[in-house]
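A.B. asks: For reference, the structure I am asking about is given below.
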Amino acid sequence: MDPKLLADCVHCGFCLPTCPTYDLWHEEMDSPRGRIWLMSGVVDGTLALNDTVVEHFDRCLGCLACVPACPSGVKYDRLIELTRERVEQEHRRPLRDRAMRRTLFLTLPHRRRLRAALALARFAPRPLRDLAPPWRDARNPPRVTPAEGERVLRVGLLTGCVQSVLFGDVNRATARVLAAHGCEVVTPYDGCCGALALHSGRRDEGHRRAQQTLAAFKDVDVLVTNAAGCGSHLRDVAPDRVRDVHEVLAELEPRRELHPLPLRVAYQDACHLRHAQRVVLEPRAVLTRIPGLELVEPAAQELCCGSAGIYNVVQPDTARELGDRKAAAVAATAPDVYAAANPGCLVQVSAALRRARHPLPALHPVELVDASMQGTSAVALTEYARK
């Protein structure tokens, strides 16, 4: 923890209404301001890094909604990252917690292991069993997808670890849509970028995996991500080399006709897209190009859905409550489709919608653009979409 970064906080409280855990419990120590007080106490030695203190740090989702809300420019993202690293180095967790975390990191970043684990999900403990989605799609794009017409960019597409196992169809749609905007798309790397590790206190592993990822894409004009958490992590390491897919699409003209897609779409901002990357207008601009599509906004967009990397596994009760809230906000807009630009959000909110007996087709925004370009009917798209 950096004392200089801690000193930037003037404890004004502007962060409080943006924090999901403070919104749930109204407990000062479960707000960004309160956690910074705890960090300061650990740094100056007035507080021990004991179970109680660590619990308040663990309850933080790392959604970063407090960062754009802060008038003092407090780098809470860096503070919680460094704090979690110190927790993992100095605090001995209970055996069950250590085993769960170790199992997650032996599984999630490895595609073959993840596929095997998902096949056995019905035998898993409740948090994992409840979250395991009823869909799989590990068919990813070819290594090279040529640009349609004259090439304007050569882009590398990160297919990701969880994304490539559960959402290969999103990756294929992303490659097709980028190609239809004049981009040659290459996919030379199918490993983990390290975002899950970094957000869980494994800072060295997170940065090592990020450097491996960036090295694999050294020969492209830009590295494009379609998963908000991955994009946030890589952009933090190499801000000039990484862009979200919506930013690229918003700046380019499509080379295919966009056919009408008469659907009412509830678009949820993924936290690491909205708060960390500050990509807010671009997804909406891309979606509103589609003729006939009506875009609706669920309430409380700034509050996290509870996915947050491995949070919905290690903090299942809190995550479930936040997921149910988000699902209720989505359902209240009476949409035909739920859309989000992060695999964790799609899994988390879809599970909550199923619990509420209100399942909705759950799509990444690029899938809607792809369907419009392909001339897919609204009926066919929603009938076969994941729910």
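A.B. asks: Within segment 337-375, can you find the residues that are in contact with a His (Cβ under 9 Å, 6 or more places away or on another chain) and part of a loop (DSSP other than H, G, I, E, B)?
C.D. replies: Once the filter is applied, which keeps residues that are in contact with a His (Cβ under 9 Å, 6 or more places away or on another chain) and part of a loop (DSSP other than H, G, I, E, B), segment 337-375 yields A341, N342, G375.
A.B. asks: Next question, about the same structure. Return the residues of segment 198-210 that are outside any loop (DSSP other than H, G, I, E, B) and either open to solvent by 20 Å² or more (accessible area, probe 1.4 Å) or within 18 Å of A308 (Cα to Cα) (or both); say none if nothing qualifies.
C.D. replies: Answer for segment 198-210, where residues must be outside any loop (DSSP other than H, G, I, E, B) and either open to solvent by 20 Å² or more (accessible area, probe 1.4 Å) or within 18 Å of A308 (Cα to Cα) (or both): L198, R203, D204, E205, G206, H207, R208, R209.
A.B. asks: Only one residue in T107, T174, T103 is modelled with pLDDT of 80 or more, of a type in the set (S, T, Y) and open to solvent by less than 20 Å² (accessible area, probe 1.4 Å), so which one is that?
C.D. replies: Criteria check complete, one pass: T174.
A.B. asks: So, H26, is that one open to solvent by 60 Å² or more (accessible area, probe 1.4 Å) and over 24 Å from the mean Cα position of the chain (by Cα) or not?
C.D. replies: yes
A.B. asks: If I filter segment 248-265 for residues that are without any contact (Cβ under 8 Å) to a residue 40 or more places away in the chain and touching a strand residue (DSSP E or B) at 6+ places or on another chain (Cβ under 8 Å), do I get at least one hit?
C.D. replies: no
A.B. asks: Quick one: in segment 29-59, of everything that is touching a residue at least 40 places away in the same chain (Cβ under 8 Å) and in contact with a Ser or Thr (Cβ under 7 Å, 6 or more places away or on another chain), which residue is most open to solvent (accessible area, probe 1.4 Å)?
C.D. replies: R59
A.B. asks: Could I ask something else about it? Do you know which residues across segment 147-170 are open to solvent by 10 Å² or more (accessible area, probe 1.4 Å), in contact (Cβ under 8 Å) with a residue 40 or more places away in the chain and over 15 Å from the mean Cα position of the chain (by Cα)?
C.D. replies: Once the filter is applied, which keeps residues that are open to solvent by 10 Å² or more (accessible area, probe 1.4 Å), in contact (Cβ under 8 Å) with a residue 40 or more places away in the chain and over 15 Å from the mean Cα position of the chain (by Cα), segment 147-170 yields E148, G149, V152, L153, R154, D169.
A.B. asks: Among the helices (runs of 4 or more DSSP H) confined wholly to segment 228-319, which include 3 or more residues that are farther than 30 Å from G375 by Cα and open to solvent by 30 Å² or more (accessible area, probe 1.4 Å)?
C.D. replies: In segment 228-319, the matching helices (runs of 4 or more DSSP H) lie at 228-237.
A.B. asks: In the list V330, V347, V337, which residue meets the criterion of being hydrophobic (A, V, I, L, M, F, W, C), surrounded by 19 or more Cβ atoms within 10 Å (Cβ to Cβ), more than 24 Å from G168 (Cα to Cα) and in contact with a strand residue (DSSP E or B) (Cβ under 9 Å, 6 or more places away or on another chain)?
C.D. replies: Residue meeting the stated conditions: V330.
A.B. asks: Right, next: If a residue has to be assigned to a helix (DSSP H, G or I) and open to solvent by 20 Å² or more (accessible area, probe 1.4 Å) to count, how many in segment 177-197 make the cut?
C.D. replies: Of the residues in segment 177-197, 1 are assigned to a helix (DSSP H, G or I) and open to solvent by 20 Å² or more (accessible area, probe 1.4 Å).
A.B. asks: Starting from segment 315-330, take each residue that is over 17 Å from C63 (Cα atoms) and list its partners that are surrounded by 19 or more Cβ atoms within 10 Å (Cβ to Cβ) and of a type in the set (V, I, T), counting only C-beta distances under 7 angstrom and pairs at least six apart or across chains.
C.D. replies: Going by the 7 Å Cβ cut-off, the qualifying pairs are A327/V349; V330/V349.
A.B. asks: Determine whether S307 is out of contact with any helix residue (DSSP H, G or I) (no Cβ under 7 Å at 6 or more places or on another chain) and within 27 Å of A132 (Cβ to Cβ).
C.D. replies: In short, no.
A.B. asks: Here's something else I'd like to know. How many residues are of a type in the set (D, E) and under 28 Å from the mean Cα position of the chain (by Cα) if we restrict to segment 29-46?
C.D. replies: 1
A.B. asks: Working only within segment 211-227, note down all residues that are crowded, with 24+ Cβ neighbours inside 10 Å and in a helix (DSSP H, G or I).
C.D. replies: Passing the criteria: only T213.
The values are calculated or read from the model by the stated rules, or taken from the named source; none is laboratory data. Quick caveat, the model's predicted, so the values are computed rather than measured. When we count neighbours, we look across all protein chains shown, and the Cβ atoms used for this are built from the backbone with ideal geometry, even at glycine. Heads up: the accessible areas ignore ligands, DNA and RNA and are worked out on the full protein's heavy atoms, side chains in. Shrake-Rupley method; radii C 1.70, N 1.55, O 1.52, S 1.80 Å.
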